[in-house]
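**Student:** Let me give you the structure first, and then I'll get to my questions.
The values are calculated or read from the model by the stated rules, or taken from the named source; none is laboratory data. Given the structure is predicted, the values throughout are model-derived calculations rather than measurements. Backbone-built Cβ (ideal geometry, glycine too); neighbour counts: all protein chains shown. In case anyone asks, the SASA skips ligands and DNA or RNA and just uses the protein heavy atoms, side chains included. Shrake-Rupley method; radii C 1.70, N 1.55, O 1.52, S 1.80 Å.
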Amino acid sequence: MKNSIIESIEKIGWPRIIIGLFLASMFVIAPFVGVSVGTSISDVLVRFTFNGVLVLSLLPMVKSGCGLNFGLQLGIISGLLGAVTSIEIGITGFLGFLIAIGVSIPFAILFGIIYGLLLNRVKGDEMVVATYVGFSVVSFMNMMWLLLPYKSPDMIWGYGGTGLRTTISVEKYWFHVLNDFLSFEIGGVYVPTGGFLFFALMCLIVWIFFKSKTGTAMTATGSNPVYASSSGVNVNKMRLVSVIISSIIAAIGILVYEQGFGFIQLYMAPLYMAFPAIAALLLGGASVGKATIANVIIGTFLFQGILTMTPSVINNIIKSDMSETIRIIVSNGMIVYALTRRKKARG
Amino acid sequence: MESNEVVLKVENIGKDFFGNVVLKSVSFEVKKGEVIGLVGENGAGKSTLMNILFGLPVINETGGFSGNFFLNGEKAHFSSSFDALDAGIGMVHQEFVLLPGFTATENILLNRESVKDNFAVNIFGDRLKHLDREDMKKRAVNAINKLDVNLDPEMIVAEMPVGHRQFTEIAREIDRSSTKLLILDEPTAVLTESEAEIMIKAAKKLAEEGMSIIFISHRLHEVLDLCDRVLVLRDGNLVFESESENTNPREIAESMVGRSISDFEHTERKKELQKDLLEVKDLWVAMPGEVVKGVNFTVKKGEIFGIGGLAGQGKLGIANGIMGLFPSRGKVLFKGEEIPLNNTKNILDLGFSFVSEDRRGVGLLLDEPIDWNITFTAMQAHERFIVKYLGGLLKFRNDKEIRKEALKYIDMLQIKCTSEKQFARALSGGNQQKVCLAKAFALNPEILFVSEPTRGIDVGAKELVLNALKKYNEESGITIIITSSELEELRSISDRIAIVNEGKIAGILPPSKPATDFGLLMIGESNINGEGEIK
Ligand SMILES: Nc1ncnc2c1ncn2[C@@H]1O[C@H](COP(=O)(O)OP(=O)(O)OP(=O)(O)O)[C@@H](O)[C@H]1O
Ligand SMILES: [Mg+2]
């Protein structure tokens, strides 16, 4: 009896139990400090749907042994290129969203190939190199956003200037195209059904992929590359494929984020997108070498839950707006916590 | 130098891994200067018991243990292995615990380096002391000399043959002057017989100097040679205990498995082998520590061909080279056709299969379940256990077939596990070895290379594995090339045995030749040339 309790705790992991309890306590406190529970739950659900895919995009690279993708910006930028191109074309609604995805995929493949080849040359130091790649690409794109010949008045600096704005609204194009699909309200809680369905679809695709022959080889490559290559698997190719897939999912992920959030954020914004995604995955119980779809789902939920709840509850307690500061403290605090509490891979 | 002073007293130790009871209630004593032999089947719990004594974190992480043990009369509470080291316990693990990128010297003296003062020490303290490389080398050489082996103190561990790695580990424990109780968990499994003798001699010397030793091994004659007393572990209990003088290998073996064991008999092949299957011409392999420098031999279809020799002479390089795991050149003909070297996928496609001597490094996916470990290679190389859709465009794992195959081998090789989903890491050493064999069998190979197939396997399982190889050979006609450090094992199953010395084949003999002939070839004292075959 005692054993089975310990075993199930071990299985879920202390960090998740503690943070889960913390999150639950936030919901209990909320009504007493004047925070509406219904709105809070809606917020958590919405944020969950628009961040989930980005977190999911980390999975293939972790599985193939390339580690946590600190170069997530690369995939994100492919997505951004798709987004601005779609707006330039000017088609609205779901079709516009699909066009954005369609345009971003070739970019993601191209960037993924270059990035993957690079990572294959620096085995063992992937995460350090990835961080540099992320930073460099964002800097490079800072120039490109100014130079690229986009013309749509919804995107360029006002009064006929050149270059793209830092934030571009998607209000007129595909705002909430996923979230509002089949969405409904129940007891003051808004449920973004379409967002959930899309996230579930992406998870399903990834799950199916890892049941395939290639997916299995990819997992084995991450688990023990020597074993994989003695079984005739081309280890470098597997890693390359995983980077490409990660980039594609990240590109789709950022588009999902934008349709939920309402804005395309260019220039420095992508720089800050890798950390929260990685934090969520770690929080979900993944490690540098192993991750599952369950880790993605649990991690995204807990991370977004805390990130939504803590600032609003604390704000209402101290009666002044500190949400941004608190958000930063909480999210970075959680990264540190997840990293220290992570069960180290036994070697 | 045995005295009556009790160094270690173990009282009713029990351990389960989440309900899987491994040790029930084990009690025994070790006196000063006494050498205890601990034997038992694979998975009997020997390593687990030793891990408890050494305070390894796995034990706590998996729910701790019951019972107590006392060192020099004091109850021991180890929260980590550092406490155990402080209390005077040293351990050589069954699996290597070395830093691969460091030299022998650095590994031997890890955390106990010789240091020199410099000016910064006065300001910032001891952590800034310089390493005294000269003195370190002296101490390492000293420890190595005690073992009486030929080990280069400057060699990087990653480049060493397994035997040398083992000596590095043992030397590390010897250098610790405070060690009172030394635990040796299958130290000889990776050694050749002559190396094992050296090791045993060194252990005897340490015992004479007053060190107590617990020695684990599956080679029973070694245990009887070295130990004063033998303990047998079965089903979580000590079932047999005897002074070494009053027992014999057979008695021990039978109490280990709880049934009687027959000797493995070599049977002559009834029909003559005809066709040449594999022809190796002037093969060179750049495997660090096991370099092959131009070997020639031919293997007949359906033959069991043995390759023996001392560690570091290149016997292991041959299979590794042909399988494409290390760079090689030369000519290899399979059914008369030349096959490209350095291409593992291609070799697997042709129907080759390989059981590596390095089971944790090459042979296993430690963090994946048993069924994956067994079927992965066959899935990737031969597309077995796959369901195809859209005319082969989409290929998926067939989890049901995978499970079936895994269960088949778990049963056939008697792999001791909780289920086919248990991670390979959580298996005992011997059972991991069986998983490696199952993986090779699952390929349904035409030609099978096995290196050190019975390393770390208990007597009962050894019989099982050798019989399985033999049966496979006889029934499905597959050709087997077996590389082993144990001459007796080679002689019991092979049709012919090649002995490798200094990277070349010193001679090929039938198993019926006396052991001394093989011995002379191994040390390069015989003047049969590389091609020569004595009939
Ligand atoms: N970390 C673990 N988690 C779960 N089960 C474990 C773990 N370590 C060992 N076991 C189980 O405990 C049993 C005993 O293993 P142990 O390694 O002590 O055997 P052993 O006697 O040393 O065998 P061998 O001769 O093969 O080395 C095995 O059945 C194994 O599956
Ligand atoms: Mg063991």
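**Student:** Between segment A:38-60 and segment A:164-181, what is the separation of their alpha carbon centroids in Å?
**Tutor:** About 17 Å separates the Cα centre of segment A:38-60 from the one of segment A:164-181.
**Student:** What helices in chain A pass both tests, a Cα length along the helix axis of 18 Å or more and a mean Kyte hydropathy of 0.0 or higher, using whole DSSP H runs?
**Tutor:** Helices passing the filter in chain A: A:14-29, A:37-56, A:73-89, A:93-121, A:126-147, A:193-209, A:235-261, A:293-318, A:323-341.
**Student:** If you don't mind, there's one more thing I want to ask. Using the beta-carbon distance between residue B:414 and residue A:212 and R0 = 45 Å, what value does 1/(1 + (r/R0)^6) give for FRET efficiency, to the nearest 0.05? Working shown, then result.
**Tutor:** Values: r = 33 Å, r/R0 = 0.73.
Computed FRET efficiency for residue B:414 and residue A:212 comes out at 0.85.
**Student:** From the helices alone, meaning DSSP H stretches of at least four residues, give me the mean residue ellipticity at 222 nm for the protein assembly as shown, per-run term -39500 (n - 2.57), in deg cm²/dmol to the nearest 500.
**Tutor:** Helix-only estimate at 222 nm: -15000 deg cm²/dmol.
**Student:** Output the relative contact order of segment A:36-270, whole-number percent, from Cα pairs under 8 angstrom with separation of 6+ residues.
**Tutor:** 40
**Student:** Counting other C-beta atoms within 10 Å, and keeping those with at most 15, which DSSP coil GluC sites (Glu not before Pro) do you find in segment B:299-382?
**Tutor:** Qualifying residues, ordered by number: none.
**Student:** Once neighbouring chains are kept in place and the probe is 1.4 Å, which whole percent of the accessible area of the protein assembly as shown is contributed by carbon and sulfur?
**Tutor:** Looking at the protein assembly as shown in its full context, I get 58 percent from C and S.
**Student:** Continuing with this model, one more query. Given N residues in segment B:419-517, what is Rg(Cα) / (2.2 N^0.38 Å)?
**Tutor:** 1.18
**Student:** On a full-extension model of 0.36 nm per residue, what is the gain between residue A:197 and residue A:147, subtracting their alpha-carbon distance, rounded to one decimal in nm?
**Tutor:** Roughly 14.3 nm would be gained on extension.
**Student:** While we're looking at this one, here's another question. Quote the Stokes-Einstein diffusion coefficient, in whole µm² s⁻¹, for chain B, based on the Kirkwood radius over alpha carbon pairs, a temperature of 25 °C and a viscosity of 0.890 mPa s.
**Tutor:** It diffuses with D of about 99 µm²/s by this estimate.
**Student:** To the nearest 100 Å², how much accessible surface do chains A and B cover up together, summed over both, with a 1.4 Å probe?
**Tutor:** That pair hides around 2500 Å² of surface in total.
**Student:** Using the heavy atoms of the protein chains alone and a 1.4 angstrom probe, what is the accessible area of segment B:359-444 per residue in square angstrom?
**Tutor:** Heavy-atom SASA per residue in segment B:359-444 reads 39 Å².
**Student:** Another question, then. State the volume of the convex hull built on the alpha-carbon positions of the protein assembly as shown, expressed per residue in Å³ and rounded to an integer.
**Tutor:** 215
**Student:** Return one quarter of the surface area of the convex hull spanned by the alpha-carbon atoms of chain A, equal to its mean projected area, in nm².
**Tutor:** Taking a quarter of the hull surface, the average projection is 19.8 nm².
**Student:** By DSSP, what percent of the beta bridges with both residues in the protein assembly as shown are antiparallel, rounded to the nearest 5?
**Tutor:** Counting only bridges with both partners in the protein assembly as shown, antiparallel ones make up about 60 percent.
**Student:** Right, another one. So which residues of segment B:368-392 lose at least 30 Å² of accessible area, probe 1.4 Å, when you go from the chain by itself to every protein chain present?
**Tutor:** Buried by 30 Å² or more upon assembly, which counts only protein chains, are B:368, B:372, B:376, B:380.
**Student:** Against the empirical 2.2 N^0.38 Å scaling, what ratio does the C-alpha Rg of segment A:60-105 come to?
**Tutor:** Details: Rg = 13.5 Å, N = 46, 2.2 N^0.38 = 9.4 Å.
Here the answer is 1.43, to two decimals.
**Student:** Measuring with a 1.4 Å probe in the full set of protein chains, what accessible area per residue, in whole Å², belongs to segment A:13-100?
**Tutor:** 31
**Student:** Suppose each label sits 7 Å from its Cα in the direction of the beta carbon; what would the residue A:319-residue B:393 distance come out to in nanometres?
**Tutor:** Between residue A:319 and residue B:393, the label points sit 6.6 nm apart.
**Student:** A further question on this structure: Taking only the alpha-carbon positions of segment B:359-444 and ignoring solvent, what does the Debye formula give for the base-10 log of I(q)/I(0) at q = 0.12, 0.13, 0.20 Å⁻¹?
**Tutor:** Log10 I(q)/I(0), no solvent term: -0.33, -0.38, -0.83.
**Student:** What is chain B's relative contact order, in percent, from Cα pairs under 8 angstrom and six or more apart in sequence? Could you put the intermediate results ahead of the total?
**Tutor:** Values: 1110 pairs, mean separation 78.6, N = 535.
Relative contact order of chain B: 15 percent.
**Student:** Let me ask something additional. Quick one: dipole size for the protein assembly as shown, taken about the Cα centre, charges +1 on Lys/Arg Cβ and -1 on Asp/Glu Cβ, in debye to the nearest 20.
**Tutor:** 2340
**Student:** Only counting protein heavy atoms at a 1.4 Å probe, give the residues of segment B:56-94, ordered by number, whose accessible area falls by 50 Å² or more when the other protein chains are present relative to the chain alone.
**Tutor:** So the qualifying set is B:61.
**Student:** Give me the count of lysine pairs in chain A whose alpha carbons sit under 19 angstrom apart, restricted to pairs 8 or more positions apart or on different chains.
**Tutor:** Summing the qualifying lysine pairs gives 20.
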